[in-house]
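The structure under discussion appears below in the form of structure tokens.
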Amino acid sequence: MLGLRFLLSLTPLFTILTVLIDAQAPSPSGAAADMGVGTYPRATVLSDESLLGVYTAFSGGNSILTTVKSTDSGATWTALGTVTQGPTATTDIDNPFVHQLSSGRILCTFRNHDRLNGAYTFYRITIYYSDDKGATWTYLSTPASDSNPVNGDWEPFLMDGLDGSLQLYYSRENAANDQDSLLRRSTDGGLNWSSAQTISGLDVTARDGMLGVARTATSSSTLIAVFESLDPSTGLFTIHSVKSTDDGATWGSRSLVYSPGTGKNAGAPGIVLVGNKLVTSFGTDEDGGTWPTGSMKVVVSSDGGSTWGSKTTIHGVPSLWAGVTGLTESTFLATYESGGTSYAQKISF
């Protein structure tokens with residue numbers, strides 16, 4: 001009886017703790033906005049506070065990297081331009097990511113592969129640039145390429161270094177069961193690039209891929225990269241992270257961010273700093289769907305990525321290829337494909 005009275009006396013405390021934990025969970029703000037018919041949507045905030053979005057469309061037998069813009073924090077989008085396009089039968093143009101330099105120039109990086117009869121014959125990570133806010137684009141450079149049909153290059157991501165350099169992250173296959181996360185740097189706005197540095201996967205045989213990177217605090221030299229990793233022994237994806245305390249010079253502290261449990265997958269993550277919180281997005285088939293189709297969810301960290309919680313569903317089945325973009329100290333934009341259309345959903349804390 002004494003034990004029961006003790007537990008009942010703690011009930012108000014449990015209620016308070018639950019409310020505090022729930023207060024960390026983000027929630028949708030308004031309705032999801034149609035960005036256009038296509039897949040793998042990504043967005044960035046430009047210096048004029050408008051949003052530039054990009055996704056891969058398919059029309060007339062071509063794969064088309066399409067840009068769109070929003071002037072109302074992602075509530076509505078209008079067509080803008082085309083980065084590049086190519087015949088889907090013989091090229092694989094996809095995984096676009098946009099980033100604005102301090103000069104105002106905008107870069108779009110993407111995978112740009114050749115294929116013959118469905119088989120890949122050449123892999124590239126390519127960069128185009130725009131000086132008119134994403135309306136027209138010109139070729140700039142090819143930071144990575146591989147002619148070996150085993151060694152693919154995938155899912156590029158751009159961000160600025162604290163020293164003014166440009167950092168390019170992407171995934172590269174070593175073998176069918178092994179893939180690493182790589183980093184290259186440019187000191188001339190993306191024209192020329194350093195050799196590749198491996199930031200995850202060097203000491204493990206697993207398929208690390210689809211990484212995103214964020215600072216743990218504004219202007220902090222500590223970076224956290226999140227990525228999916230396929231365990232060859234189980235054939236399942238989980239979300240992991242590595243950290244750098246010197247702006248990407250060295251990396252370590254490989255940790256698990258999220259695992260959905262036995263027989264299920266979590267993959268294709270993104271990460272963004274929102275105020276003093278880190279938000280990692282991912283897709284998972286834990287609620288249904290045929291992988292990689294599933295639900296888009298996020299988890300939140302208030303301690304620089306050491307622990308994660310407040311799992312929240314942003315969009316249910318079907319969702320694919322989610323991304324996240326910071327808007328304000330308390331809001332971010334979630335982008336995803338559902339049923340062949342790309343969407344943007346504003347999320348608030």
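The values are calculated or read from the model by the stated rules, or taken from the named source; none is laboratory data. Remember, predicted model here, so these are calculated numbers, not experimental data. Virtual Cβ from ideal backbone geometry, glycine too; neighbours counted across all protein chains shown. Accessible surface is based on the protein model in full, side chains and every heavy atom, while ligands, DNA and RNA are left aside. Shrake-Rupley method; radii C 1.70, N 1.55, O 1.52, S 1.80 Å.
Key figures for this structure:
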| quantity | calculated |
| --- | --- |
| Yes/no for D34 being among the charged types (D, E, K, R) and either modelled with pLDDT of 95 or more or surrounded by 13 or more Cβ atoms within 10 Å (Cβ to Cβ) (or both) | yes |
| Odd one out for H99, checked against (1) at pLDDT below 95; (2) open to solvent by less than 30 Å² (accessible area, probe 1.4 Å) | (1) |
| Residue that is farthest from Y169 (Cα to Cα), among those in the stretch 129-139 that are surrounded by 15 or more Cβ atoms within 10 Å (Cβ to Cβ) and touching a Leu at 6+ places or on another chain (Cβ under 6 Å) | G134 |
| Pick from the stretch 301-332, criterion farther than 27 Å from Y55 by Cβ and either polar (S, T, N, Q) or within 15 Å of the chain's Cα centre (by Cα) (or both), ranking: surrounded by the fewest Cβ atoms within 10 Å (Cβ to Cβ) | T307 |
| Residue under evaluation T335, criteria (1) in a strand (DSSP E or B); (2) open to solvent by 10 Å² or more (accessible area, probe 1.4 Å); (3) of a type in the set (S, T, Y), criterion not met | (2) |
| Subset of the stretch 226-254 [in contact with a His (Cβ under 9 Å, 6 or more places away or on another chain) and either under 15 Å from S301 (Cα atoms) or open to solvent by less than 50 Å² (accessible area, probe 1.4 Å) (or both)] | V226, F227, E228, S229 |
| Filter result for the condition that a residue is farther than 21 Å from P28 by Cα and out of contact with any Asp or Glu (no Cβ under 6 Å at 6 or more places or on another chain), over G283, G252, G270 | G252 |
| Condition met for Y123 (surrounded by 14 or more Cβ atoms within 10 Å (Cβ to Cβ) and in a strand (DSSP E or B)) | yes |
| Single match in T341, T312, T293 (criterion: more than 16 Å from S241 (Cβ to Cβ) and without any contact (Cβ under 8 Å) to a residue 40 or more places away in the chain) | T293 |
| Some residue of the stretch 272-286 being open to solvent by 10 Å² or more (accessible area, probe 1.4 Å), assigned to a strand (DSSP E or B) and in contact (Cβ under 8 Å) with a residue 60 or more places away in the chain | yes |
| Some residue of the stretch 63-72 being part of a strand (DSSP E or B), charged (D, E, K, R), under 23 Å from S348 (Cα atoms) and modelled with pLDDT of 95 or more | yes |
| Residues satisfying the stated conditions in the stretch 180-206, i.e. open to solvent by 10 Å² or more (accessible area, probe 1.4 Å) and polar (S, T, N, Q) | T187, N192, S194, S195, Q197, T198, T205 |
| Test: residue in the stretch 83-96 that is loosely packed, with under 15 Cβ neighbours inside 10 Å and closer than 26 Å to A33 by Cα | no |
| Only one of G261, G288 that is at pLDDT below 95 and either out of contact with any Ser or Thr (no Cβ under 7 Å at 6 or more places or on another chain) or under 25 Å from P232 (Cβ atoms) (or both) | G261 |
| Lone qualifier among V213, V257 - being surrounded by 22 or more Cβ atoms within 10 Å (Cβ to Cβ), within 30 Å of D287 (Cα to Cα) and touching a Pro at 6+ places or on another chain (Cβ under 8 Å) | V257 |
| Within the stretch 53-81, tally of residues that are among the polar types (S, T, N, Q) and either touching a helix residue (DSSP H, G or I) at 6+ places or on another chain (Cβ under 7 Å) or open to solvent by 60 Å² or more (accessible area, probe 1.4 Å) (or both) | 4 |
| Some residue of the stretch 188-200 being free of Cβ contacts under 8 Å to residues at least 60 places away in the same chain and touching a Phe, Trp or Tyr at 6+ places or on another chain (Cβ under 7 Å) | yes |
